[in-house]
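Have a look at the structure below before the remarks.
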Amino acid sequence: MLPDDRDTGVPAAPGGLAAASGPWHDGTVLASHRRPPTPVPARLIARFKNGGLARNALVVTLGTLAAQALLIAATPLLTRLYTPGDFGVLAVFTAIVSITGAVTNLRYETAIPLDERDEDAVATFLAALLTGAATTVLVAVAVLAGGDYLIEVANVPGLRPLLWAIPIGTLGMAVYNATNLWAVRRHAFSAVALSKIVQFAFQVAWQLLQGWLVRGPGGLVLGQAFGQPAGVLNFVRSFDAQDRRLLRTTQWPAIRAAFARHRRFPLLLTPSLLLNTSAKMLPAVFLAILYGPVVAGQFGLAQRIVLAPVRLVGMGIGQAYLGAAPRLAREDRAAMLRLFKATSFHLSWMGLLGMVAVAVPAPYLFAVVFGESWRDAGVQLQILAVMYFAQFVIYPINQTLAMFGRQDLNLWWDVGNMTITLLAFLAGWAFGLSPEATLLIYSVAMSLNYGLNWLLSRHVILHGKVPA
């Protein structure tokens, strides 16, 4: 699963500015009122040379890059073993598990790096695991009770024999999310990077092997479902004697205290993440409902190819931005605005060049690289290129609102994202539009909403108050 767009590697917190400083922030002042900010790439390189947490952040980025490169490299083989319809089943499955898995811990896992004492942090870790297990049970009950209805509505009969994998994928994400943040707290960044490689290597190996042996979507779906637990095994290996002692000795009162101490996380963070994830994952489900799994599969492939580099580049730039922005927000608002505009400018020209280079020849490239049956995925990419460009620009700087304590604006913006998604596909259904016309409406409307996010961020930089 591709991470949520806000996931820059920095755990979010309800406390506004503190959420933006995170474990990557080393307190370096990278700009002042006397000097404009240096370019983002140079700043990131300078921080890496200084060592410390910036170097660890780069280790995580490189691990993610290697894992995504492995997945993309295997895609031409997978598209020849599986049909667009098979990928449509995968797209619907991934959407469901991404939504349930993103909120299954109720965001308690994001509090793990924030506790001062390890004894408190391990209690929060166990609270996140217990929450994940409980919500997984609810997901399993929902699948058992409404699985047939889901298959009928989503128009993906190929998912029927694989419904049992939904709770497994959900639980895998719950455990992975919690263990990943525990590793971040322990500064086990090599383990974080390796877990991503192991996760995608297992997923690709399973999908290739089963695709070669057995036809149908099962290989794609089960590889996705079992990939998360494979990544967790690497984290378990990294637990040291102190970690194991803390896990053995933590009692229920400490876990209950962790639930109470971080009770704001489910209330403030879960609804926003649910809306954000749903807005990004549900288009594949809506395409399957309206036009069938083949169109949804084409969409899933286009999304896979574009979003990986968008998020990987955004992760590195986002970490550099978050390293500088919190201090500037407190001390030099003019320099903060210059940093915001400079980062946006660099992202804009990088995104424009990249999107033009990929989108213009996309139908031809997709037919050559992935097979003739995937030409329509290139057409979809052309239609969605404007939205992907806007997302590329906003992704690294979308924590600006949180820095100024404006989670309320973030929440309303997420509501707008979800509303746009629903209305775009509702228009496609109501007016009997083609898949291309529906996606065009969706792409343009989402791009405008990303532009609104930029304007809101600029507004709070100029007029907002920084939380104490």
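The values are calculated or read from the model by the stated rules, or taken from the named source; none is laboratory data. All figures in this text were calculated on a predicted structure; none of them were measured in a lab. Methodologically, a virtual Cβ is constructed for each residue, glycine included, from the backbone with ideal geometry; neighbour enumeration extends over all protein chains shown.
Numerical summary
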{"quantity": "Selection status of Ala279, farther than 30 Å from Phe340 by Cβ, modelled with pLDDT of 85 or more and not in a loop (DSSP other than H, G, I, E, B)", "calculated": "no"}
{"quantity": "Sole exception among (1) buried (at least 17 other Cβ atoms within 10 Å of the Cβ); (2) assigned to a helix (DSSP H, G or I); (3) over 18 Å from the mean Cα position of the chain (by Cα) for Asn410, by number", "calculated": "(3)"}
{"quantity": "Residues located in the range 124-175, provided they are small (Gly, Ala, Ser), farther than 16 Å from Val89 by Cα and surrounded by 21 or more Cβ atoms within 10 Å (Cβ to Cβ)", "calculated": "Ala127, Ala128, Gly132, Gly172, Ala174"}
{"quantity": "Unique match (being in a helix (DSSP H, G or I) and free of Cβ contacts under 8 Å to residues at least 40 places away in the same chain) among Pro161, Pro229, Pro266, Pro167", "calculated": "Pro167"}
{"quantity": "Count of the range 338-366 residues which are of a type in the set (Gly, Ala, Ser) and either over 27 Å from Phe299 (Cβ atoms) or not in a helix (DSSP H, G or I) (or both)", "calculated": "2"}
{"quantity": "Within the range 430-459, considering residues that are of a type in the set (Val, Ile, Thr) and in contact with a helix residue (DSSP H, G or I) (Cβ under 6 Å, 6 or more places away or on another chain), the one surrounded by the fewest Cβ atoms within 10 Å (Cβ to Cβ)", "calculated": "Ile441"}
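Conditions (1) of a type in the set (Phe, Trp, Tyr); (2) modelled with pLDDT of 85 or more; (3) surrounded by fewer than 17 Cβ atoms within 10 Å (Cβ to Cβ), marked per residue:
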site	(1), (2), (3)
Gly314	no, no, no
Ile317	no, no, no
Ala320	no, no, no
Ala325	no, no, no
Arg330	no, no, yes
Ala334	no, yes, yes
Ser348	no, yes, yes
